[in-house]
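Engineer: Pasting a structure below so you can have a look.
The values are calculated or read from the model by the stated rules, or taken from the named source; none is laboratory data. In this text the structure is predicted, and so the values were computed from the model without any measurement. Positions of Cβ are backbone-derived with ideal geometry, glycine not excepted, and every protein chain shown enters the neighbour counts.
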Amino acid sequence: MTVWPILHYDDTSAALRFLVDVLGFTEEVAARDDDGDVVHAEVSWPGGGRLVFGGTKHVESVHGRMRAGSNAVYVVTDDVAGVYERARAAGASVLEPPQHARFGSGAESLICTIEDPEGNLWTFGTYR
């Protein structure tokens, strides 16, 4: 995959745990600063693709103006129900339980949408 979305979180350690333990990503890199906060993390999705994220307290780069909770990510999976069940069991905010949806392209997909603890929206669906 050659496109890597980049998100920013206020609590990067909690974000890493949510992405890995609840949503099902695999931790690849987690670099921490002297305070123990994650300053750069990379997680991979079992079906392919990676996500990069960092903290909002680190403002040195052009990405330093990014704010938490203003992003949306679509993730392809054949296991929408499994992601939903893990999120529900963890007490995550489920905005849309598994349901059939039609995208602007006319394609149909089984989807569910989950809000992470900082307000980013994660839609998991079968549409590739």
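Engineer: Restricting to the stretch 22-35, name every residue that is closer than 23 Å to Ser93 by Cα and outside any strand (DSSP E or B). It would help to see each step written out before you state the result.
Structural biologist: Of the stretch 22-35, the ones closer than 23 Å to Ser93 by Cα are 22-27.
Passing the criteria: Val22, Leu23, Gly24, Phe25.
So that you can scan it fast, the table gives a plain yes or no per residue for (1) at pLDDT below 90; (2) within 12 Å of the chain's Cα centre (by Cα):
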{"residue": "Glu42", "(1), (2)": "no, yes"}
{"residue": "Arg50", "(1), (2)": "no, yes"}
{"residue": "Val59", "(1), (2)": "yes, no"}
{"residue": "Arg67", "(1), (2)": "yes, no"}
{"residue": "Val80", "(1), (2)": "no, no"}
{"residue": "Tyr84", "(1), (2)": "no, no"}
{"residue": "Arg88", "(1), (2)": "no, no"}
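Engineer: Further question on the same structure: Could you check, for the stretch 72-83, whether at least one of its residues is touching a helix residue (DSSP H, G or I) at 6+ places or on another chain (Cβ under 9 Å), of a type outside the set (A, V, I, L, M, F, W, C) and in a strand (DSSP E or B)?
Structural biologist: No, the stretch 72-83 contains no residue that is touching a helix residue (DSSP H, G or I) at 6+ places or on another chain (Cβ under 9 Å), of a type outside the set (A, V, I, L, M, F, W, C) and in a strand (DSSP E or B).
Engineer: Let me ask something else about it. Could you grab me the full set of residues in the stretch 22-35 that are surrounded by fewer than 18 Cβ atoms within 10 Å (Cβ to Cβ), in contact (Cβ under 8 Å) with a residue 12 or more places away in the chain and either closer than 15 Å to Val83 by Cα or out of contact with any Leu (no Cβ under 7 Å at 6 or more places or on another chain) (or both)? It would help to see each step written out before you state the result.
Structural biologist: Within the stretch 22-35, the subset surrounded by fewer than 18 Cβ atoms within 10 Å (Cβ to Cβ) is 26-35.
If we keep only those that are in contact (Cβ under 8 Å) with a residue 12 or more places away in the chain too, we end up with 26-30, 33.
Within the stretch 22-35, Thr26, Glu28, Val29, Asp33 qualify.
Engineer: List, please: which pairs have Cβ atoms under 7 Å, are six or more places apart or on different chains, and start with a residue in the stretch 1-21 that is closer than 22 Å to Val83 by Cα and among the small types (Gly, Ala, Ser) and end with one that is at pLDDT below 90 and surrounded by 18 or more Cβ atoms within 10 Å (Cβ to Cβ)?
Structural biologist: Ser13/Val38; Ala15/Phe53
Engineer: Right, next: Among the residues that make up the stretch 36-47, is at least one of them out of contact with any Cys (no Cβ under 7 Å at 6 or more places or on another chain), surrounded by 18 or more Cβ atoms within 10 Å (Cβ to Cβ) and under 22 Å from Ala89 (Cβ atoms)?
Structural biologist: Yes: the stretch 36-47 contains one or more residues that are out of contact with any Cys (no Cβ under 7 Å at 6 or more places or on another chain), surrounded by 18 or more Cβ atoms within 10 Å (Cβ to Cβ) and under 22 Å from Ala89 (Cβ atoms).
Engineer: Considering only the stretch 84-107, how many residues are more than 17 Å from Ala14 (Cα to Cα) and part of a loop (DSSP other than H, G, I, E, B)?
Structural biologist: 5
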